[in-house]
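Right, one structure below, let's go through it.
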Amino acid sequence: MFAGGPLARSAPELKVRRASAKPNRLGFAIPDEWRLSVTAYPGIRPGDVLETLLHELVHLHVGRSRGGHAWHGREFKETLSRAMAEGYGIVGVRPRNVLHGTYAEALERRRLRTGPQLELPIAA
C-alpha cells in the first residue's frame, strides 16, 4: 500500500510521548512536518499501539482532504482499512467512527489467538 509513496522513500520522525493515564488523544500526525506522535500510557496493549501507529501513518500517507471530513473522510477510512488488511491481516472490521479502539480490539483478539508476532522489535 505504501510502496512507492512518500513513506517508502523517507521515514517520518516518530515521537513517543508518555502519559500517567490514558489520554483522550492517543496520537497525532503533522504531514507538513513529516512527523507523528504516539502516546504510551499505563495498561496500553500491543493492539492499541499498532492501531494508533498505523492510523497516524495513514494520515501522513493520505494528508488532509478537502471538505467537511478533512482528516477522517472516506479516503482515510478506506486507506486505513486496506492498510490493516495488508499489514496485519485484519479484515471485515467496520468501525462505527474514527476513534481509536475498534481495530485495536481485532488486533488483540488476533494476538491472543496466534501469539506475540504482532509485537514490534524495539532497537535500543
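Which condition number does Leu107 fail, the rest of (1) open to solvent by 20 Å² or more (accessible area, probe 1.4 Å); (2) at pLDDT 90 or above being met?
Every listed condition holds for Leu107 apart from (1).
Tell me, yes or no, whether the range 90-102 has at least one residue that is touching a helix residue (DSSP H, G or I) at 6+ places or on another chain (Cβ under 7 Å) and assigned to a helix (DSSP H, G or I).
Checking the range 90-102: not a single residue is touching a helix residue (DSSP H, G or I) at 6+ places or on another chain (Cβ under 7 Å) and assigned to a helix (DSSP H, G or I).
Take the residues in the range 31-56 that are under 13 Å from Tyr103 (Cβ atoms) and of a type in the set (D, E, K, R), then tell me which one is most open to solvent (accessible area, probe 1.4 Å). Working first, answer last.
Looking only at the range 31-56, we keep the residues that are under 13 Å from Tyr103 (Cβ atoms), and these are 45-56.
Filter once more, so that each one left must be of a type in the set (D, E, K, R): 45, 48, 51, 56.
Numbers: Arg45: 71, Asp48: 18, Glu51: 9, Glu56: 6 Å².
Filtering first and then ranking leaves Arg45.
Go through Ser20, Ser81 for me and flag whichever is in contact with a Pro (Cβ under 9 Å, 6 or more places away or on another chain), open to solvent by 20 Å² or more (accessible area, probe 1.4 Å), at pLDDT 90 or above and farther than 26 Å from Thr114 by Cα.
Residue meeting the stated conditions: Ser20.
Among the residues of the range 29-64 satisfying the criterion of being assigned to a helix (DSSP H, G or I) and either in contact with an Asp or Glu (Cβ under 7 Å, 6 or more places away or on another chain) or of a type in the set (Asp, Glu) (or both), which is nearest to Phe76 (Cα to Cα)?
Within the range 29-64, the subset assigned to a helix (DSSP H, G or I) is 31-33, 46-62.
Subset that is either in contact with an Asp or Glu (Cβ under 7 Å, 6 or more places away or on another chain) or of a type in the set (Asp, Glu) (or both): 32-33, 46-48, 51, 56, 62.
Values: Asp32: 17, Glu33: 19, Pro46: 22, Gly47: 20, Asp48: 19, Glu51: 14, Glu56: 10, Val62: 6 Å.
Result: Val62.
Hey, can you tell me all the residues within the range 65-78 that are over 17 Å from Gly5 (Cβ atoms) and either surrounded by 12 or more Cβ atoms within 10 Å (Cβ to Cβ) or modelled with pLDDT under 85 (or both)? Break it down stepwise before answering.
Pass one, the range 65-78, residues over 17 Å from Gly5 (Cβ atoms): 66-74, 77.
Matches in the range 65-78: Arg66, Gly67, Gly68, His69, Ala70, Trp71, His72, Gly73, Lys77.
The values are calculated or read from the model by the stated rules, or taken from the named source; none is laboratory data. All figures in this text were calculated on a predicted structure; none of them were measured in a lab. Reconstructed Cβ throughout: ideal geometry from the backbone, glycine too, with neighbour counts over all protein chains shown. For accessibility, only protein heavy atoms count, side chains too; no ligands or nucleic acids. Shrake-Rupley method; radii C 1.70, N 1.55, O 1.52, S 1.80 Å.
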